[in-house]
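J.: Next up is a structure, given as structure tokens.
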Amino acid sequence: MENLAKVFKALADHRRLKIIEMLYCCEKCACDLEETLDLSQSGLSYHMKILIEANLVSARSEGKWMHYQLSNTGFEQVKTFLNSVHQ
């Protein structure tokens, strides 16, 4: 349940939901996310840390930039939980 609580916390912010929406189609560079969301590097890092800890996003480094993409683990936890309580 602790991991699931992290997922719901991560989903409870409109900026993080926007990040998830942006990553739905493809991997994005941190620079693209910063620009589109009008966030500073530290602001983006804060939100990405929460999304990564919730297993909703994964990251990889390329040169000086981080690249982010969606991770199925957190989404599968939410899906499983919601299916179990909805029955």
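Values quoted throughout were computed directly from the atomic coordinates according to the rules given, and no laboratory measurement underlies them. Computed from a predicted model, the values in this text were never measured in an experiment. Note that we place each Cβ from the backbone using ideal geometry, even for glycine, and neighbour counts take in every protein chain shown.
J.: Give me a count of the residues in the stretch 14-72 that are part of a loop (DSSP other than H, G, I, E, B) and either of a type in the set (Phe, Trp, Tyr) or exposed (fewer than 13 other Cβ atoms within 10 Å of the Cβ) (or both).
T.: Number of matching residues: 7.
J.: Residue pairs, Cβ under 7 Å, 6 or more apart or interchain, first in the stretch 29-43 and more than 19 Å from Ser58 (Cβ to Cβ), second among the aromatic types (Phe, Trp, Tyr) and surrounded by 15 or more Cβ atoms within 10 Å (Cβ to Cβ). List them.
T.: Partner pairs satisfying both residue conditions: none exist.
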